[in-house]
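Values in this text are rule-based calculations from the coordinates and carry no lab data. Note that this is a predicted model, so its numbers are computed, not measured. Here the Cβ positions follow ideal geometry from the backbone for every residue, glycine too, while neighbour counts run over all protein chains shown.
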Amino acid sequence: MTKSAVPAADRGPRRRLLAALLLATSLLPGLGHAQAQGASAAVMAALREPGTIVLMRHARAPGVGDPAGFKIDDCSTQRNLNDEGRADARALGQRLREAGVPVGRVLSSAWCRCLETARLLGVGPVQAHPAFASIFPEDAKGDEITAQARRVIADWRGPGVLLAVTHQVNIQALAGVNTSSGEMVVLKKRPDGTLQEVGRLQP
């Protein structure tokens, strides 16, 4: 018997251990899928309830912030969506429409990448609203803008969902969560006015 050979008597336990490990590994994707289905069901149920809030980070727009001296009314001076971002926005909008999500109002930051994202969703008329203007880089106006957004959210009763397309820093300030580009955070209001995350929709 060579040094690397395994005695026949030891092969049975080793094989059983390997089989058990393979079985456990094969079950993990199934469990993950079931959990994902449960989370998705909770999200879709919330999207049909009055008073639900959806905060969406604008779709993919390469870079950080905006060029120096950009103008809010001139998209050519700003950081804008790329083709992938536009495709993501269209796809998310299609998902909402196919699911029959009742969107009651669509608000957006006046930044071009947010307005374009909101319009490409195609779920309703888009209104630029100062409560969702970018607070990056954060300055003295950031707290004022966040407070205004909280009032808009607190006042929302429906009918349908309030969907606001804004920036990562704004969502962090409002809901205390990080978001990726094009991600929607579905939120319910607690009795004390704070926001509870139900789940997310991703491109």
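Grab the other residues whose beta carbon is less than 12 angstrom from that of Pro67, score K and R as +1, D and E as -1, and report the net.
It works out to a net charge of 0.
What's the magnitude of the charge dipole for region 47-201 around its Cα centre, counting Lys and Arg as +1 and Asp and Glu as -1 at the beta-carbon? Answer in Debye, nearest 20.
Working: 20 positive and 17 negative charges, 102 e Å.
The dipole magnitude comes to about 480 debye.
With labels modelled as points extended 7 Å from the Cα through the Cβ direction, what inter-label distance (nm, one decimal) is found for Thr194 paired with Asp83?
Taking the simple label geometry, Thr194 and Asp83 are separated by 4.5 nm.
What residues qualify as long-range amide H neighbours of Gly160, i.e. H under 5 Å apart, gap of 5 or more or another chain, H built at 1.01 Å from N?
Amide H neighbours of Gly160: Gly51.
Beta carbons within 10 angstrom, averaged per residue: use that to sort the peptides 179-186, 151-158, highest first.
Result, highest mean first: 179-186, 151-158.
Using label points projected 7 Å from each Cα along Cα→Cβ, tell me how many nm separate Glu98 and Ala154, to one decimal.
So the label points at Glu98 and Ala154 sit 3.9 nm apart.
For the modelled label position 7 Å from the Cα of Cys75 along Cα-to-Cβ, which residues of region 157-189 have backbone nitrogen atoms closer than 20 Å?
164-168, 181-183
For region 47-201, just run the numbers: alpha carbon Rg, then divide by 2.2 N^0.38 Å, N being how many residues it has.
0.97
Given axes a ≥ b ≥ c from the Cα gyration tensor, I'd like to know whether region 119-203 is rounded (a/c under 1.5), prolate (a/b larger than b/c) or oblate.
Rounded, since a/c falls under 1.5.
What residue among Thr166, Ala59, Leu92 has its Cα farthest toward the positive end of the dipole of region 47-201, where the charges are +1 on Lys, Arg and -1 on Asp, Glu, each on the Cβ?
Leu92
Exposure proxy check: Thr77, Thr117, Thr146 ranked by fewest other beta carbons within 10 Å?
If I rank by nearby Cβ atoms, fewest first, I get Thr77, Thr146, Thr117.
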